[in-house]
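Asks: Have a look at this one before I ask anything.
The values are calculated or read from the model by the stated rules, or taken from the named source; none is laboratory data. Please read these numbers as outputs of a predicted model, since none were measured by experiment. Positions of Cβ are generated from backbone atoms using ideal geometry, with glycine treated the same way; all protein chains shown enter the neighbour counts. What goes into the accessible areas is simple: the full protein's heavy atoms, side chains included, and nothing from ligands, DNA or RNA. Shrake-Rupley method; radii C 1.70, N 1.55, O 1.52, S 1.80 Å.
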Amino acid sequence: GVSSKTCKGFYKSLLNAAAVIGNRFDVDTLNVLVPEPLSGHLAELVASEMIDQTEFAPRQRYCFRHPLVRTVAYESQLTSTRSRAHRRLANAIEVRNPDAADENAALIATHLEAAGDLLQGCRWHLRAADWLRSRDLLAARAQWQSALRVADELPGDHGEVIALRIAPRTMLVSTELFAGSDPNNEQRFRELRELR
């Protein structure tokens, strides 16, 4: 038989993988990180009150019962292990449904940023904002703000980094009229003048 220590280790790795996905997760996404049959194991985690099942069909969806369980599962992992998992998720989301890449761009950006790939994360935040611009301007502005934050963390002052710093500032300043007053735009104007 399988030892209880082995089972506990598997449940821990299952919770760790789910924690990388987020507070809510589904079986298909979890299978990207843990490519094994999971139903029985997930039922066991539900029975032990670590997670709850929130949807049964068409997709099995779950959430962490307590945010603290997710936080501990996430933060107890080695940074390198967690980064690899975020990178695999970003890639899987993009590859699974290439036609929905723009729609999923914000999620891809978040995983790439968490993986430590700030350059790609910034590009995907901009892509998400571009997709959202005609659909939900406030959501687009949130993505430009994320892109700005990430671009400012990028090292160096070569052409692409400067372009990545200019683009979100330009869009935030130019959409203020449609989205309402933004107290940060005066500062962004000054930064744009310095960057150009």
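Asks: Counting only heavy atoms of protein chains, what accessible area per residue, in Å², does region 65-176 have with a probe of 1.4 Å?
Replies: Numbers: 5760 Å² over 112 residues.
Per residue, region 65-176 has an accessible area of 51 Å².
Asks: For the chain, modelled as a Gaussian network with Cα springs under 10 Å, which listed residue fluctuates most, VAL20, VAL95, VAL32?
Replies: VAL95
Asks: Next question, about the same structure. Would you work out what percent of the accessible area of region 1-127, with all protein chains in place, is carbon or sulfur (probe 1.4 Å)?
Replies: On the way: 3810 of 7040 Å².
For region 1-127, the apolar C and S fraction of the accessible surface comes to 54 percent.
Asks: Let me ask something else. So what's the chain giving for Cα Rg divided by 2.2 N^0.38 Å, two decimals? Write down the numbers at each step before the final one.
Replies: Working: Rg = 19.8 Å, N = 196, 2.2 N^0.38 = 16.3 Å.
Cα Rg divided by the expected 2.2 N^0.38 Å: 1.21.
Asks: Follow-up question, since we're still on this one. 222 nm [θ] for the chain, helices only, -39500 (n - 2.57) per DSSP H run of 4+, per residue, to 500? Write out the running numbers ahead of the final one.
Replies: Working: 11 runs with 134 residues, N = 196.
For the chain, the value works out to -21500 deg cm²/dmol.
Asks: Would you tally the net charge around LEU137, using a Cβ to Cβ cut-off of less than 15 Å, leaving LEU137 out, and scoring K and R as +1, D and E as -1? It would help to have the intermediate numbers written out before the result.
Replies: Working: positive: ARG133, ARG135, ARG141; negative: ASP130, ASP136, GLU176, ASP182.
Here the count lands on -1.
Asks: If you don't mind, another one. Residue-wise, which Karplus ³J(HN,Hα) couplings in Hz belong to region 9-25, taking 6.51 cos²θ - 1.76 cosθ + 1.60, θ = phi - 60°, and x for glycine or proline?
Replies: For region 9-25, the Karplus-derived couplings read x, 5, 4, 5, 5, 5, 5, 4, 5, 4, 5, 5, 5, x, 5, 10, 7 Hz, x marking Gly and Pro.
Asks: Then there's this: Per residue, how big is the convex hull of region 81-131 when only Cα atoms are used? Give it in Å³.
Replies: Details: hull volume 2.5 nm³, N = 51.
About 48 Å³ per residue, rounded to a whole number.
Asks: Another one. Taking θ as phi - 60°, what are the ³J(HN,Hα) couplings along region 40-51 by the Karplus curve (6.51, -1.76, 1.60), each to the nearest whole Hz, with x for Gly and Pro?
Replies: x, 5, 5, 4, 5, 5, 5, 4, 8, 6, 7, 10
Asks: Would you please state the base-10 log of I(q)/I(0) at q = 0.18 1/Å for region 41-94, with intensities from the Debye formula using one equal scatterer on every alpha carbon?
Replies: Results for region 41-94 at q = 0.18 Å⁻¹ read -0.80.
Asks: What is the angle, in °, between the Cα long axis of helix 105-114 and the longest principal axis of the Cα atoms in the chain? Nearest 10 is fine, range 0 to 90.
Replies: So the inclination is approximately 80 degrees.
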